[in-house]
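The values are calculated or read from the model by the stated rules, or taken from the named source; none is laboratory data. A quick note: this is a predicted structure, and the numbers were derived from the prediction, not measured. Reconstructed Cβ throughout: ideal geometry from the backbone, glycine too, with neighbour counts over all protein chains shown. Remember, those area values only see protein heavy atoms, side chains included, never the ligands or the DNA or RNA. Shrake-Rupley method; radii C 1.70, N 1.55, O 1.52, S 1.80 Å.
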Amino acid sequence: MKALIIAGAIALVLSILGTPLYIRLLVRKSYGQFVRDDGPTSHATKRGTPTMGGVAIILATLIAYGLTHLLLGQVPSTSALLVLFLMTGLGVVGFLDDFLKISRQRSLGLRARDKLIGQVLVATLFAIGAILLPGPDGRPITTGHISFLRDIPWLDLAFAGTAVGLVLFALWANFLVAAWSNGVNLTDGLDGLATGATIIFAGVYVLISFWQWRQSCPEDLVYPNCYTAAAPLDTAVVCSAIVGACVGFLWWNTSPAKIFMGDTGSLALGGALAGITIVSRTELLGAIIGGLFVIISLSVIIQVTSFKLTRKRVFRMAPLQHHFELKGWNEVTIVVRFWIVAGILGVSGLGLFYIDAIPRVVS
């Protein structure tokens, strides 16, 4: 519990005090946001707002995690380091994309092929580490199963460690990373929206990971209601650091935003969310807890599919938040209401997890 408080507090202080310094640096270098001409007209006022704010989130998270372990004399776990690697690696890809957009003053950054190669490389290295490297107690970080509240026995992608199974798991991990990073990226269209939704997601996973640690299976013993996630307490520390970093960033990112997270932040946070669901073995549950990201991603898929098939649009504009903008909703109203939706879905996912744990509590 002490580690969770320390990590969250350090990340919060670093983010809330460090972000304005970073904003000044970006302003001096004229690293401002490029706004698409085909977006809502109300977004024209956002042009020139400093971007690449994801750097502040990533650094605050990494430093908070490292200092927490240094202060408490604890050794970082492999699973937590893999999540942080995934977060940082995708953040680097996003940073390159943002930097090229700013330097060229157009909406095209990295070429789609180069961006995809970067994401696949980082996600594949994460997947290899997650399937081959052991956790601190010698148990595997992941067994290669697709998981809901726990591993689903009949959905074993890794086929007991076969080469084909490793490839299938790598593909699954790449799909999750792409889905979550794109989901956060699409949600990052209004001031504070993606940041607030990420705080809710990571906050829920602080509780889930902490509970997995409290109810972890003893060594060499597995029974129905215990959890075999590798180093769940350290995963909770990562989540706590992300919450603190995002809360501090939200102070400056809320409407009217003084800084945007950019692809640097959205890809990094999306990668972190994907990694957290994998190491906690709750990939499908994560889709409920992070349901707002799923809904917004689906709105884009529905819009594109409908237009290609019928030449008609379901929404006035996609992603979904822009549909409500064009309906006349105030930006702050949309953000707060979407946060409420994110909170309801997060609590619903947490409730499902707790219901599954009730037999263990009663016994």
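Tabulated values for the structure
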quantity: Global form of region 240-344, assessed from the alpha-carbon gyration tensor, a/c cut-off 1.5; calculated: oblate
quantity: Peptide ranges 123-130, 78-85, 148-155 listed from the most packed, as the mean C-beta count within 10 angstrom indicates; calculated: 78-85, 123-130, 148-155
quantity: For the chain, the spread of Cα positions along each principal axis, largest first, Å; calculated: 60, 52, 40
quantity: Order by protection proxy (mean Cβ within 10 Å, highest first), peptides 198-204, 238-244, 299-305, 88-94; calculated: 238-244, 198-204, 88-94, 299-305
quantity: Pairwise label distance in nanometres, Lys2 with Leu171, each label 7 Å out on the Cα-Cβ vector; calculated: 4.8 nm
quantity: Accessible surface of the chain [probe 1.4 Å, protein heavy atoms]: carbon and sulfur percent; calculated: 70 percent
quantity: Extension gain from Val341 to Val13, taking 0.36 nm per residue of separation minus the Cα-Cα distance; calculated: 115.3 nm
quantity: Computed over region 261-333: relative contact order in percent, which uses C-alpha pairs under 8 Å that are six or more apart; calculated: 17 percent
quantity: Kirkwood hydrodynamic radius (C-alpha pairs) into Stokes-Einstein, region 78-176, 20 °C and 1.002 mPa s, D in µm²/s; calculated: 144 µm²/s
quantity: Using a Förster distance of 41 Å, the FRET efficiency for Ser30-Leu125 (Cβ separation, nearest 0.05); calculated: 0.75
quantity: Contact order relative to length of the chain, as percent, for alpha carbon pairs under 8 angstrom and 6 or more apart; calculated: 27 percent
quantity: Positive dipole terminus of the chain, leading residue within Thr264, Asn174, Leu207 (C-beta point charges); calculated: Thr264
quantity: Solitary cysteines of the chain, where the nearest other Cys Cβ is not under 4.7 Å; calculated: Cys239, Cys246
quantity: Region 224-363, accessible area per residue, ligands and nucleic acids excluded (1.4 Å, Å²); calculated: 40 Å²
quantity: Relative contact order, percent, region 110-236 [alpha-carbon distance under 8 Å, six or more residues apart]; calculated: 21 percent
quantity: Nonlocal amide H pairs with Ser147, under 5 Å, H built at 1.01 Å; calculated: Ile152, Glu283, Leu284
